[in-house]
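What follows is a set of notes on a single structure, which appears directly below.
The numbers here are math on the coordinates, done by the rules we state, and not lab data. All values reported here derive from a predicted model rather than from experimental measurement. Using ideal geometry, Cβ is built from the backbone for each residue, glycine included, and neighbour counts are taken over all protein chains shown.
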Amino acid sequence: MKIGIVCYASVGGSGVVATELAHALAGRGHQVHLLSSEVPFRWRNLEGLHFERVETPAYPLFREPQYLLALATAIARVACDRRLDIVHAHYAVPHATAAYLADQILSADGAGSPPKTVTTLHGTDITLVGSDASYRRVVAFSIEQSAGVTAVSKSLRRDTMMTLGTKRDIRVIPNFIDCTQYRKRVDPDIQRRLSPAGEPVVMHVSNFRPVKRLDVVLDVFLQVRRKTPARLVLVGDGPDREALETRVRHLGLANSVLFAGEQQDLVAWLSSADLFLLPSSQESFGMAALEAMACEVPVVASHVGGLPELVHDGETGFLCEVNDVDGMAERALAALTDRDLRARMTRAAVESVRSQYCTEAIVPMYEAFYQEIL
């Protein structure tokens, strides 16, 4: 098949999954064209994989719609030039909206049958954008106009139906990872950097947005540190970083908390962690938790969104109510200090990942869905 994939290039989960899907589809013999404003964070050059840059002109009079319009034009151009069968939009707005505009352009031009649009919902387009009255109708319209719609969790499918009132079928296809890459692989140099005195390493990876609740990550770490020596490693970057750095300095914890920034070799960093914290207020799936589980790192997370579908409380990790900082700290300490519990939990987590969330299990679901839509 000839497939166009539309996504953001950022380090967030949707961009990562879309890029890895593009890699996997190209590896399975499809011709894949990935459209974005810049080369995605995890891009790899592969045969059959092509990057199509969306050029956005700077016209001050038309600031708001310029990316949407430029993207619609790019989708129409690539669809026509490359004879695409499928346009796979990751996010309803603006990507599925742009795909709909491109479809209308191609239909009006009479340039043959336009490609079918498949939209994958990742969460922010529903839980934040879709719930805003200013956007709700266009989000719902973009979903309804898609030839096929998928969601990354059962929770997100329910949220979409409740938020938008849509009655259409939404197929659940979960996120996935390359299990040949995501397995414990300790880098001694990174391990020494993170824990020079051999202290346990508590890690958090995200785009540092308010929904990730970095303040709670630090609150849990402070309680853990009162009971056992530990270091906190924060991987990523985003709007909440500066405020947390200021708080860390005021608490005199600069030597115990490392702001690592964005890291390409995430496997080596995760493999040096002893605990992963994800106290988000909302997670439609929990990609970071999946990656940690694959690297044999116990996960303590909030009982929200799609996380209970991924992390089974007491078996493959721990889940706590969203504001239960004491409970998160208690379970974090248990995972750090009880070796038998830790071994049992990480073993179950890895088995769950390998049996359900590897590329080989999930990508064929997308291929079958494309064929069904066609």
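Summary of computed values
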{"item": "Electrostatic dipole magnitude of the range 188-356 [Cβ: Lys, Arg +1; Asp, Glu -1; Cα centre; debye, to 20]", "result": "460"}
{"item": "Simple spin-label estimate for residue 209 and residue 81 in nanometres, 7 Å along Cα-Cβ", "result": "3.1"}
{"item": "Hydrodynamic radius of the range 287-374 per Kirkwood, over alpha carbon pairs, in Å", "result": "14.0"}
{"item": "Partner aspartates and glutamates for residue 2 [C-alpha distance under 19 Å; skip if fewer than 8 residues away on the same chain]", "result": "20, 47, 52, 81, 85, 103, 367, 372"}
{"item": "Exposure proxy order (Cβ contacts within 10 Å, fewest to most) of 67, 182, 366", "result": "67, 366, 182"}
{"item": "Using θ = phi - 60° and Karplus 6.51 cos²θ - 1.76 cosθ + 1.60, couplings along the range 143-151 (whole Hz; Gly, Pro as x)", "result": "5, 5, 7, 6, 6, x, 10, 10, 10"}
{"item": "5 angstrom amide H check on residue 302, placed H, neighbours 5+ away", "result": "278, 280, 320"}
{"item": "Karplus-derived HN-Hα couplings along the range 40-53 (A = 6.51, B = -1.76, C = 1.60, θ = phi - 60°), whole Hz, x at Gly and Pro", "result": "x, 4, 10, 5, 10, 6, 9, 4, x, 10, 10, 9, 10, 6"}
{"item": "Peptide ranges 225-237, 189-201 listed from the most packed, as the mean C-beta count within 10 angstrom indicates", "result": "225-237, 189-201"}
{"item": "³J(HN,Hα), Karplus 6.51/-1.76/1.60, whole Hz, each residue of the range 347-360, x for Gly, Pro", "result": "5, 5, 5, 5, 4, 5, 4, 5, 8, 10, 10, 7, 3, 5"}
{"item": "Cβ-based exposure ranking for 20, 245, in which fewest neighbours within 10 Å come first", "result": "245, 20"}
{"item": "Paired Rg and Dmax values of the range 334-374, which use every Cα atom, in angstrom", "result": "16.8, 53"}
{"item": "For the chain, cysteines whose Cβ has no other cysteine Cβ within reach (under 4.7 Å)", "result": "7, 80, 295, 320"}
{"item": "Beta bridges by DSSP in the chain, antiparallel share as percent, to the nearest 5", "result": "0"}
{"item": "Nearby lysines by direct alpha-carbon distance to residue 154 (threshold 20 angstrom, same-chain neighbours under 8 apart not counted)", "result": "167"}
{"item": "Cα centroid of the range 174-215 to Cα centroid of the range 315-361, whole Å", "result": "14"}
{"item": "Span from the the range 1-53 Cα centroid across to the the range 96-126 one, whole angstrom", "result": "17"}
{"item": "Share of pairwise Cα separations in the range 188-356, more than 24 Å, in percent", "result": "26"}
{"item": "Cα coordinate range in the chain, projected on the principal axes (Å, largest first)", "result": "69, 44, 39"}
